[in-house]
Amino acid sequence: MSLGMPDAVTSVLATALDGLATRQNVIAHNIANVDTPGFRATNVDFESSLSAAIERGRMAVGGVTAVATLTNAPVGADGNNVDLRHESLSAVQSQFQYQMMTRAVSDHYALVTTAAGSF
């Protein structure tokens, strides 16, 4: 295995990091618009697409997409539906998931480096 070519695990981890980064950006955008009249909050789902790609056994470039959809949160009198408590909790959860994925990348890289050094 060449360190220059990503293996399946590396591809899955990188895709998960990209999806989580997209989610974090959307959450930040939602929070930034908490007082914007008419603003509708969005959620991001990439896990469904990632799971389907893993089940197919292919992690093709561009094969996994993060999908942003409007939330079902109730709309206030000003047309805004950002729930600051929900967004704050989502931000913390997403950050924790991102940290776990970066740790998984680090651990995977250490394993590959160790394996490559044994040849």
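Computed quantities for the displayed model
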quantity	calculated
Of all residues making up region 22-47, the number that are surrounded by 15 or more Cβ atoms within 10 Å (Cβ to Cβ) and aliphatic (A, V, I, L, M)	5
In region 31-45, the residues that are closer than 17 Å to Tyr98 by Cβ and touching a strand residue (DSSP E or B) at 6+ places or on another chain (Cβ under 7 Å)	Asn43, Val44, Asp45
Single residue of region 70-119 satisfying the filter (charged (D, E, K, R) and not in a loop (DSSP other than H, G, I, E, B)) that is surrounded by the most Cβ atoms within 10 Å (Cβ to Cβ)	Glu87
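The rows are residues; the columns are (1) modelled with pLDDT of 95 or more; (2) under 24 Å from Leu89 (Cβ atoms).
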{"residue": "Leu3", "(1), (2)": "no, no"}
{"residue": "Ala8", "(1), (2)": "no, no"}
{"residue": "Leu13", "(1), (2)": "no, no"}
{"residue": "Ala16", "(1), (2)": "no, yes"}
{"residue": "His29", "(1), (2)": "yes, yes"}
{"residue": "Val34", "(1), (2)": "yes, yes"}
{"residue": "Ala66", "(1), (2)": "no, yes"}
{"residue": "Pro74", "(1), (2)": "no, yes"}
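The values are calculated or read from the model by the stated rules, or taken from the named source; none is laboratory data. Every value quoted in this text rests on a predicted model; they were computed, and no experiment measured them. Cβ sites come from the backbone with ideal geometry, for glycine too, and all protein chains shown count toward neighbours.
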